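Right, one structure below, let's go through it.
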Amino acid sequence: MKKLIIVLAAAVGISLAASAQEIKYKDARELPLYGKAVEETSARYTRFPASYQQESRKALWDLSLNSAGLYIRFRSDAPEIHAKWVNRNYQMPHMTDVGIGGLDLYTLTKDGWRFVGAGFNWTKGTHHERKIVSHMKPQMREYMLYLPLYDGIDSLYVGAPEGSVIEAPAVAKPAYDRPVVMYGTSILQGGCASRPGMAHTSIISRKLDREVINLGFSGNAHLDPEVARLMAAVKNPACFVLDFVPNCKAERINEKGEAFFRILRDAHPDVPIVFVENPFFPHAIVDEETRSNIKENNGALKNLYLKMKKEGQKKLYYITNDGMTGDDGESFVDGVHLTDLGMLRYAEHVLPTIKKAIR
């Protein structure tokens, strides 16, 4: 009986010790961050240089503070991964809290990057702490941690049990020497993926095994010239993808499209440029005004593309909306923004052209 009590006491002691094992956190500022057009931005987890605050429209500047497309890379031998982060508690009725303000963790396997857990905003407010994945065999693994698509991040810490290692990655995956730079609307920013890794820019990055820079600005892809200058400032881009039509009437495309294009082309004469049409929104089968607007706006984009081709511009590519999101209407949350299904369909639609361009 005494032996049994001793054994049980020892087991309880071990269990309590394991559960009370201290989590040590590393400031993510000590780990490499990817997905930014330029290194010097207004803050660590934002997308515009500080100087843009004076020249950009307020709505555009505010969206630049969102961390869409940014991700941390690290490796660890820990049996579990934790995170603490401070965001701004932004919310929308048609998108999950995880996609808006949560974290998304992937690990590298022999079959590529695989999702292993997400950091949720369990409580209202700005300060969050979450165990993202646990019960792993302690061995060194490569990780990619996506930041929120819409909310801003003020601070981020990655944690593991005491004695575990959290350090810089050992492999350059996704490759970051020739990034794909994508410009667009709320759809490109990530609306309305269920979690950050399901934004189509993130899917494209994993499938290409290449860094993709997300310059999506919800409702504000208005062909602002400073955005073109930011894209032009990217070092050694593989290609530019222009997907602004859902925010641009034909008049704006006719007025500003060529000037935006020329900023990119003058800075990078040999870098491919891909034009992407507005998706066919499902309600357009009955909404005649929407159907007419999509046709007119896509027509303006096609005219810009053809004008540049006729002028002798090389390495131009054009992606139509035919089959972009399927033909069943099931790719949308609200008739405009994409579900995860829509994000995947979109990525698979544009990938062949992007692959052809960067070859």
Please enumerate the residues belonging to the range 282-301 that are open to solvent by 40 Å² or more (accessible area, probe 1.4 Å), farther than 13 Å from Cys248 by Cβ and in a helix (DSSP H, G or I). His283, Ile285, Glu288, Glu289, Arg291, Ser292, Lys295
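The rows are residues; the columns are (1) touching a Phe, Trp or Tyr at 6+ places or on another chain (Cβ under 8 Å); (2) open to solvent by 10 Å² or more (accessible area, probe 1.4 Å); (3) small (Gly, Ala, Ser).
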position	(1), (2), (3)
Ala43	no, yes, yes
Gln53	yes, yes, no
Arg57	no, yes, no
Trp61	yes, yes, no
Ala68	yes, no, yes
Tyr71	yes, no, no
Ala78	no, no, yes
His82	yes, yes, no
I'd like to know if the range 10-26 contains one or more residues that are in a helix (DSSP H, G or I), at pLDDT 95 or above and not β-branched (Val, Ile, Thr). no
What are the pairs with Cβ atoms under 9 angstrom where one residue, in the range 209-227, is open to solvent by less than 10 Å² (accessible area, probe 1.4 Å) and the other, located anywhere, is of a type in the set (Gly, Ala, Ser) and in a strand (DSSP E or B)? Sequence gap at least six, or different chains. Asn214/Gly184; Leu215/Gly184; Gly216/Gly184; Phe217/Gly184; Ala221/Gly184
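Just a yes or no: is a residue in the range 122-141 within 25 Å of Leu60 (Cα to Cα), of a type outside the set (Ser, Thr, Tyr) and touching a Phe, Trp or Tyr at 6+ places or on another chain (Cβ under 9 Å)?
Checked the range 122-141: no residue is within 25 Å of Leu60 (Cα to Cα), of a type outside the set (Ser, Thr, Tyr) and touching a Phe, Trp or Tyr at 6+ places or on another chain (Cβ under 9 Å).
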Which of the residues spanning the range 103-129 are modelled with pLDDT under 95 and either buried (at least 19 other Cβ atoms within 10 Å of the Cβ) or among the hydroxyl-bearing types (Ser, Thr, Tyr) (or both)? Gly119, Asn121, Thr123, Thr126, His128
Take Tyr305 and tell me if it is buried (at least 16 other Cβ atoms within 10 Å of the Cβ) and over 26 Å from the mean Cα position of the chain (by Cα). yes
Is at least one residue of the range 119-138 out of contact with any Pro (no Cβ under 8 Å at 6 or more places or on another chain) and touching a residue at least 60 places away in the same chain (Cβ under 8 Å)? no
Looking at this structure, is Ile319 open to solvent by less than 30 Å² (accessible area, probe 1.4 Å), hydrophobic (A, V, I, L, M, F, W, C) and within 19 Å of Val241 (Cβ to Cβ)? yes
Filtered residues of the range 322-344 (kept if open to solvent by 60 Å² or more (accessible area, probe 1.4 Å) and among the charged types (D, E, K, R)): Asp322, Asp327, Asp328, Glu330, Asp334
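Is it the case that Asn278 is buried (at least 21 other Cβ atoms within 10 Å of the Cβ) and out of contact with any strand residue (DSSP E or B) (no Cβ under 8 Å at 6 or more places or on another chain)? Break it down into steps so the answer makes sense when it comes.
Numbers: buried (at least 21 other Cβ atoms within 10 Å of the Cβ): yes; out of contact with any strand residue (DSSP E or B) (no Cβ under 8 Å at 6 or more places or on another chain): yes.
Yes: the conditions hold for Asn278.
Please go through the range 241-281 and pick out each residue that is of a type in the set (Lys, Arg), in a helix (DSSP H, G or I) and closer than 27 Å to Gly335 by Cβ.
Across the range 241-281, the qualifying residues are Arg252, Lys256.
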From the option list Ala193, Ala199, Ala168, single residue qualifying as modelled with pLDDT of 95 or more and under 30 Å from Ala267 (Cβ atoms) is Ala199
Is it the case that some residue within the range 135-148 is modelled with pLDDT of 95 or more, at positive phi and not in a strand (DSSP E or B)? yes
Could you tell me which residue of the range 145-164 is most open to solvent (accessible area, probe 1.4 Å), considering only residues that are out of contact with any Leu (no Cβ under 7 Å at 6 or more places or on another chain) and hydroxyl-bearing (Ser, Thr, Tyr)? Tyr157
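The values are calculated or read from the model by the stated rules, or taken from the named source; none is laboratory data. Small disclaimer: the values here were computed from a predicted structure and weren't measured. All Cβ positions, glycine included, derive from the backbone under ideal geometry; neighbour counts span all protein chains shown. We work out accessible area using only protein heavy atoms, side chains counted, and drop any ligands, DNA or RNA first. Shrake-Rupley method; radii C 1.70, N 1.55, O 1.52, S 1.80 Å.
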